[in-house]
1. Identify the residue in the stretch 263-280 that is under 20 Å from the mean Cα position of the chain (by Cα) and not in a loop (DSSP other than H, G, I, E, B) and, among all such residues, is surrounded by the fewest Cβ atoms within 10 Å (Cβ to Cβ).
2. Counting only residues that are in a helix (DSSP H, G or I), among the small types (Gly, Ala, Ser) and closer than 22 Å to VAL290 by Cβ, how many does the stretch 189-215 have?
3. Name every residue in the stretch 49-78 that is of a type in the set (S, T, N, Q), in a loop (DSSP other than H, G, I, E, B) and in contact (Cβ under 8 Å) with a residue 40 or more places away in the chain, in order of residue number.
4. Give the stretch 101-126 a look and list any residue that's small (Gly, Ala, Ser) and assigned to a helix (DSSP H, G or I), or say none.
5. Identify all residues within the stretch 265-290 that are at pLDDT 90 or above and within 17 Å of ARG235 (Cβ to Cβ); write none if there are none.
6. Specify the residue that is surrounded by the most Cβ atoms within 10 Å (Cβ to Cβ); the eligible residues are those in the stretch 79-107 that are charged (D, E, K, R) and without any contact (Cβ under 8 Å) to a residue 24 or more places away in the chain.
7. Does GLU293 fit the bill of being modelled with pLDDT of 95 or more and more than 14 Å from ALA234 (Cβ to Cβ)?
Amino acid sequence: MTRRGLLRPLWAALLTVAFFAAVEGSLAAFQALVFAVFWRPGAITDGPGWVIATVGDSVMAGGSPTPDQNCWPARLATSPLLRARGYQVTNYARPGSDFGRIAEQAQRFLDGQAAPRRAVLVTGGFNDCLTNQGPVVLGGSRQQPTQVARGVLQRTRTYRFATQVVLRAVTRLAPPPATSPIGSKPSENCRAYVRSGLTTLATRAREKSARLVVVTYPVAAWQPQFKSRGDMAARTLDALLIEESQPLGLPVLDVVACVQAQERVVGERFFYDDGLHLMPSGSAATARCVARELPGILDDPAGR
């Protein structure tokens, strides 16, 4: 093979990497612009009631690149039950957030809001456990090199844009799951991310004299048909969130049974095909469940 023949694959690889880097950089800039322009927490007025911030990932924020008015925090903000108590809800959750970004969301709220009664509702862990790149994988077994490479790719904005925005716009379907399912037994890496994330949030909340409440991922009553089982991931993470909240003394608002009961009564699906992300009807149901239980947690002097 000639020298030119040897260089062609190299140049092709370099051009591919350069193109990918350009797309990734453009999407990063676009995301920063969208967040700066559109993703602004709701206004808070002075009052004696609780001021509540929701922080988390796309299950909480919705999968849209712009604010989703059908996400459950948006529904919670308009809940008659909470409004009657003078509660105000503002949403800081962003799609694709891991616990590092979730901590930043909480910090922005705690630094920028001086209300005497503040609370933070958090749901998280999926993106941490999905894309952690340590030697131990989600299901407790070691990753193959191709699986590690796939995990790195799935974390990029380019992949998320292609699967969650373009495909959804073209097919008008829910965004397909960004990964293979998290195993029924979390890896030690996954557990460490959740433990560290909750510990950081609990420490920052205490420093600001705020309450931190862990909200579980909703779980579908009906088994999704998609080969990537989002409901399995949610069940695994919920058990982990509950377990890791106990040593920290954090109250847990478990919405699973409440959401499933409503789904069975209504007789229609609350979740998209990935079994993880909520349809508008599922968001409304989740908001109702949170609104029913939250006052009992926040107004409990023992902080259960």
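1. This residue is PRO280.
2. Count: 3.
3. ASN70, the sole residue that qualifies.
4. ALA103, ALA106, GLY112
5. Scanning the stretch 265-290 gives PHE270, LEU278, GLY282, THR286, CYS289.
6. ARG101
7. Yes, satisfied.
A quick yes/no check of all residues on (1) among the hydroxyl-bearing types (Ser, Thr, Tyr); (2) modelled with pLDDT of 90 or more; (3) within 20 Å of LEU278 (Cβ to Cβ):
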{"residue": "ALA32", "(1), (2), (3)": "no, no, no"}
{"residue": "ARG40", "(1), (2), (3)": "no, no, no"}
{"residue": "ALA53", "(1), (2), (3)": "no, yes, yes"}
{"residue": "GLY62", "(1), (2), (3)": "no, no, yes"}
{"residue": "PRO65", "(1), (2), (3)": "no, no, yes"}
{"residue": "GLN69", "(1), (2), (3)": "no, no, yes"}
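The values are calculated or read from the model by the stated rules, or taken from the named source; none is laboratory data. No experiment lies behind these values; they were computed from the predicted model shown. Cβ atoms come from the backbone with ideal geometry, glycine included; neighbour counts cover every protein chain shown.
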